[in-house]
Structures are given as C-alpha cells and as structure tokens.
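The values are calculated or read from the model by the stated rules, or taken from the named source; none is laboratory data. Source: prediction; values computed, not measured. Positions of Cβ are backbone-derived with ideal geometry, glycine not excepted, and every protein chain shown enters the neighbour counts.
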Amino acid sequence: MARLVKRAFKYRFYPTEEQAAELSRTFGCVRLVYNRALEERTRAWHDERRRVSYAQSSAALTRWKKTEELAFLAEVASVPLQQTLRHLQTAFAHFFAKRARYPRFKSRKKSRTSAEYTRSGFTWRGGRLTLAKMAEPLDIRWSRPLPEDTEPSTVTVSLDRAGRWFVSLLCEDTIAPAPATTAAVGIDAGITSLLTFSTGEKITNPRHERHGRARLAKAQRQLSRKAKGSNNREKARRKVARVHARIADRRRDFLHKLTTRLVRENQTVVIEDLAVRNLLKNRSLARAISDAAWTELRSMLTYKCAWYGRDLVVIDRFFPSSRLCGNCGTVRDTLPLNAREWTCDRCGTVHDRDDNAARNILTAGLAATACGGGARPRRESSRTGQPPVKQETRRATAGLRP
Ligand SMILES: [Zn+2]
C-alpha cells in the first residue's frame, strides 16, 4: 500500500534585488524577534521563576510593533516572525523536558539565516510561489518535479554561507512500497573504508571527496593569509563556504542513492550508535567529513525505513563489534586502531577487521529483534495497518556483550 508522507523539496532560486532586500530585512527581523523574546523569557524565569507561553510572546510582539523603536517590525511579513516565536516555544519545551540545552541567542554571523512561511504567508498559483509582501513570484529552478496534485503547506527561504538562496517546500508525497524481502544487512563505519556491509561489500569514500578536501585545504590556507576585516578576506571566506557547500551537496547525493538502495533491498538494516566515534578524538579533516557523512546516513536511514516500512535497528555503542570473533564468540581485550586484520587467539580465524565488525553488527541486530520484548525496535510495518512510525528506533543490546 502506498504511504502518504510530508516531504521537503528544496530548490535554488534567484531573487530580484527588491526581493533579496526584502528577505534580508525579514531575516534581520526574525533574528531580532527571536532574541528579544528569548531575553524576555530568560528575565521572567530568572527574576520571577515564571514561564512565558507562546501566546504571551506573540502578544509582546504585537506591542513591540506599536513602539517607535520597533515599528519597522510591522513592515516585513508577519508570518515568519510568528514562526520564529513558535520555534522558540519548541526550543523551551525541549529544554524543560531535559532534551536540549537552554536556547541560545541567534548571532548575525553564525546562525542560519532563514524565514519560514506557513499557508497564510504565501500564495501558490499554477505552480508559482509568491511570498507575502512581494509583488513577483520567486524565480525558482525546478531541478526536480514536485509531486502532482499537491500544494506546499510550509515554505522556508534561506541564504547559505556561500551566498546561495534556497527555498524548501513542505508537501505531501506518496511513497510507493518497496519490494517485499526478508534480507537484512549490518553496516560498519569502517576505519579503512567509509562503510562495510555484512555482505562483504565495501563502500569507499567517493573520489570527489578527496579532490574536494584538497580544494578545501587550499581555500582555507588562502583565507588564513587575508587580513581580518578586509574585502579580500570576505571573498576568501565565501570561497571556503562554496567549496564546503559543494562537498556537502555531492556527499548528500551519494548518500541518498546509497540509502535508497539499502532500504529497498533489505527489510532490516542494523547500524551502530556511533557516538563512540567521539572517543577516538581524531580531529583530522577526513574524519570530520566521514563523521558528518555518518550522521547524515543515519538520519536518511531513519526516515527512509519509516517511509518504506523497514526496520532500522541501532546497536548499543558499547557492543564490541570489532573485537568480537564472529566465529567462536571470543572477545579480545584490545585491538589497535590501525589493525586491519587480526587472528583470533582461540579459534585461529583470520578476520578482516571491518568485515567481521559488520557481520557482528548484523548478528547482534537480528538477535535483538528476535528476542522480542524490550529490545524489539518500536516500529510497526505499514502493511499491518497499525499507526505508523516512531522515528527513532530503540537501541538494541544483544546478548553478546563480554
Ligand atoms: Zn575465534
């Protein structure tokens, strides 16, 4: 059965001068409203132990617009200002639920510049998108089609550090079911290759990543030589941002293809909870990039498994996937990071480090789903007609721990 999901479609667009100016003003107002509201909430909490609600923040915004000092807030579209207060509300809800740190101020330099428009903040006519306070529709490059017979429910406009404008449209989309299968795969984030599958397949870093890294290193060297505050430094900074953006774009493409394939071919996908990476404290550029790739891979697997009714099992980070002999079950005390191969002391099997780890991850994941109860990942298949999708699967701890 096909499944209806909310899905974001992101495109580049090219604003006219007026549109760019209008959007820049809007971004500035969004940041100001967010920071002011955060300040008020902080003061209320600090001085009076009082929590401020969204409705109270919203009422405050209405008052600010009537003051001389902040009258300019009334000149930009009102929806993005409301939306940023909603985001602040969510940030506080996460904080009070102890899921997140205390919300921080948005800085001009470091924060993502974006504005979110809900249905009342834009018009959508014949496939043309016009934002509030604008006369002309946006000049969007439709690099892939939107699903048919759908309209965006939310639109987010952003400007990245490389100076590129994007618009992201949240739409309903129909996901066709993936072929039925009982296949399962374990994935190891390898030391020598980017990923190793329990099938023995190894995925190396795509070649363009190496080129990209070389270009990035060069751009960063050039940036470091420019005087602070100079025009040339700003140019060099943009150049670094562009190289970064290009690496990220191509990596995302690559990971999309890979994760779609994995999810189509397998009913069960098992991965490790890789916060363990942080323990390695290897701060090389290559490692930073592959860590980012892992985070992205995991998030893509999470939502694609949900879309296609597949199971994603996440293995406990303390599971000794590399040090466990997949043949006899002996766990070594240590295994140096640079050891690509090792021989089991007990049964004498020679292991390829990553192959062995990937197979152990699969075994642990399957054991966890088979033993049921607490370890079963909490998601239901679409075919059973049960309410879909708890996005984050449970951590499975298999009975294989030392
Ligand atoms: Zn052994």
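For the list (1) in contact (Cβ under 8 Å) with a residue 40 or more places away in the chain; (2) farther than 21 Å from residue 249 by Cβ, I need the number of the one condition that residue 95 fails.
Result: residue 95 fails condition (1) only.
List pairs: first residue in region 355-369 and on the phi < 0 side of the Ramachandran plot, second residue of a type outside the set (S, T, N, Q) and in a helix (DSSP H, G or I) anywhere in the structure, Cβ distance under 9 angstrom, at least six positions apart or on different chains.
Every condition considered, the pairs that remain are 367/375; 368/375; 369/375.
Residue 350 passes all but one of (1) aliphatic (A, V, I, L, M); (2) within 16 Å of the ligand (Cβ to nearest atom); (3) in contact with a Lys or Arg (Cβ under 7 Å, 6 or more places away or on another chain); which number fails?
Single failed check for residue 350: (3).
Take the residues in region 262-296 that are at pLDDT 55 or above and part of a loop (DSSP other than H, G, I, E, B), then tell me which one is surrounded by the fewest Cβ atoms within 10 Å (Cβ to Cβ). Give the steps one after another, and end with the answer.
Of the residues in region 262-296, the ones at pLDDT 55 or above are 262-275, 284, 286-296.
Filter once more, so that each one left must be part of a loop (DSSP other than H, G, I, E, B): 266-267, 273, 284.
Values: 266: 23, 267: 19, 273: 15, 284: 9.
Among those residues, the one meeting the criterion is 284.
Only one of these is more than 28 Å from residue 139 (Cα to Cα) and in contact (Cβ under 8 Å) with a residue 40 or more places away in the chain: 41, 7. Name it.
So the residue among 41, 7 that is more than 28 Å from residue 139 (Cα to Cα) and in contact (Cβ under 8 Å) with a residue 40 or more places away in the chain is 41.
Considering only region 192-221, how many residues are closer than 17 Å to residue 259 by Cα and assigned to a helix (DSSP H, G or I)?
Of the residues in that region, 0 qualify.
Taking the condition away from the ligand (no atom under 15 Å from the Cβ), among the polar types (S, T, N, Q), part of a loop (DSSP other than H, G, I, E, B) and more than 30 Å from residue 179 (Cβ to Cβ), does residue 338 pass?
Yes; evaluated as a whole, the condition is true for this residue.
Within region 353-376, take every residue that is within 16 Å of the ligand (Cβ to nearest atom) and either at pLDDT below 90 or polar (S, T, N, Q) (or both) and give me the one that is surrounded by the fewest Cβ atoms within 10 Å (Cβ to Cβ).
Selected residue: 363.
For region 1-55, enumerate the residues that are in a loop (DSSP other than H, G, I, E, B), more than 27 Å from residue 75 (Cα to Cα) and not small (Gly, Ala, Ser). Spell out the reasoning first.
The initial filter retains those residues of region 1-55 that are in a loop (DSSP other than H, G, I, E, B), namely 1-2, 14-16, 49-53.
Adding the requirement that they be more than 27 Å from residue 75 (Cα to Cα) leaves 1-2, 49-51.
Of everything in region 1-55, those that are in a loop (DSSP other than H, G, I, E, B), more than 27 Å from residue 75 (Cα to Cα) and not small (Gly, Ala, Ser) turn out to be 1, 49, 50, 51.
Taking region 304-335 as the search range and keeping residues that are within 16 Å of the ligand (Cβ to nearest atom), touching a Lys or Arg at 6+ places or on another chain (Cβ under 7 Å) and among the small types (Gly, Ala, Ser), which one is modelled with the highest pLDDT?
Out of the qualifying residues, it is 326.
Taking region 140-173 as the search range and keeping residues that are of a type in the set (Ser, Thr, Tyr) and at pLDDT 90 or above, which one is farthest from residue 205 (Cα to Cα)?
153
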